[in-house]
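What follows draws every value from the coordinates through simple rules; no lab data is involved. Just so it is clear, the model here is predicted, and its values are computed rather than measured. All Cβ positions, even for glycine, are placed from backbone atoms using ideal geometry, and neighbour counts span all protein chains on display.
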Amino acid sequence: MTLAADLLDLAARIAQDAGALAHRRRQEGVTVAATKSAAADIVTAADREVEAFIRAELARERPDDGFYGEESGAEAGTSGITWVVDPIDGTVNYAYGIPAWAVSIAAVEGSADPATWTALAGAVFNPVTGELFRASRGGGAWLGAQRLSVSEVGDAGGLVATGFGYDPATHGPALEQLSRVMPIARDVRRIGAASLDLASVAAGRVDAYYEKGTHPWDHAAGALLVEEAGGQVGGAPGGRPGNAMVIAASPAFFARLEPLLAYPRVK
Ligand code: IPD
C-alpha cells in the first residue's frame, strides 16, 4: 500500500465512526454552543465533541502528525503530514435537520503554511445518506465501488453550486458575482456544505462549485476528490483561511466560469 492509500483508509474509517457519533447526537437533540465569526456561524456541542473524537483517534494512530481542525485549532507535527478536519461541515443544515452535512477529513503534506499543502488523501462522509466519498492522490475518486468523474457541460449551461459565507459584508459582492455566472448556468444550487458541494462536482451531480471565503477544513478533502475525478480546482485550494476562492469544475467549464468570478471590492 502507498502512504496515500494508508492515510485514506484511516481517514475513511475515522470519518465513518465520527459521522455515526454526530448522527447519534443529532437524534438526541442539537445544542448550539456558541457563535463564531457572525451570528449565523454557529457551533454545536456535537461539532466540538466530534472533533475531539477525531483528534484523539488520529493522535492514537499517528502521534507524529499535525492537526488543523475547525473547532480546536492547529498543532504542528513532526512527520510532515497534517490532518485537516471539519467535524461537521454544514453545521446550519445539521442544526435544522437538513440531510446535507458531512465529516470532512484530509491528510496533507507540506509545511505549517496551508498555502504549501498538497492533499494526499481525503474522505467526505454524509452520515444521513451513508455516502462515503474517498480520494487518494493518484488513486482516483470513489463513491463505494463507483469511480467518479466530473461531468461534461453541454450548451444548456452548467448546474452551478455556490455558497455565501457568513460575513455580511461579502453578501452584496457575492450576489453581483452570481449575476455574472447566471448566463452560463442551467440553474444554481446552495447545498450548504462545501465538502458536499465539491463531492457533488466530483460525482457529476453538479457541474461546478465556487465560493469565496471557505477555509482549508471546508475544502481540502473535497478539492482532492474533484482533482482525482478529472476536474480542475482553482482559486486557492488549501490556501490561507478566509481569503481563498475555491472554483471547481471540469477543465472546459472551469475555463468558462473562472473569468466571471473576479471578486468585487468589499466595502
Ligand atoms: C460552512 C459550510 C457552508 C459554506 C461555509 C462553510 P461549516 O462550513 O461549508 O456551506 O458556505 O463557507 O464555512 O461552518 O458548516 O463547517
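Dividing the Cα radius of gyration of region 1-84 by its Kirkwood radius returns 1.02 for Rg/Rh.
Taking a ≥ b ≥ c as the square roots of the Cα gyration tensor eigenvalues, region 1-150 comes out oblate, since a/c reaches at least 1.5 and a/b does not exceed b/c. A cut-off of 5 Å between modelled amide H atoms, ignoring neighbours fewer than 5 places along the same chain, links ASP41 with LYS36. Under a model in which nothing but the beta-carbon of Lys, Arg (+1) and Asp, Glu (-1) is charged, region 3-147 shows a dipole of about 380 debye around its Cα centre.
Packing, taken as the mean count of other beta carbons within 10 Å per residue, orders the peptides 219-228, 144-153, 85-94 from highest to lowest as 219-228, 85-94, 144-153. The Cβ shell under 11 Å around ASP207 holds other residues with a net charge of +2, Lys and Arg each +1, Asp and Glu each -1. In sequence order, region 42-59 has phi-based couplings of 9, 10, 9, 4, 5, 3, 5, 5, 5, 5, 4, 4, 4, 4, 5, 4, 5, 5 Hz under the Karplus curve 6.51 cos²θ - 1.76 cosθ + 1.60, θ = phi - 60°, and Gly or Pro positions carry x.
Per residue, the convex hull spanned by the Cα atoms of the chain measures out at 114 cubic angstrom. For region 32-67, trypsin sites (Lys or Arg not before Pro) are listed when DSSP marks them as loop and at most 16 other Cβ atoms sit within 10 Å of their Cβ; the list is LYS36.
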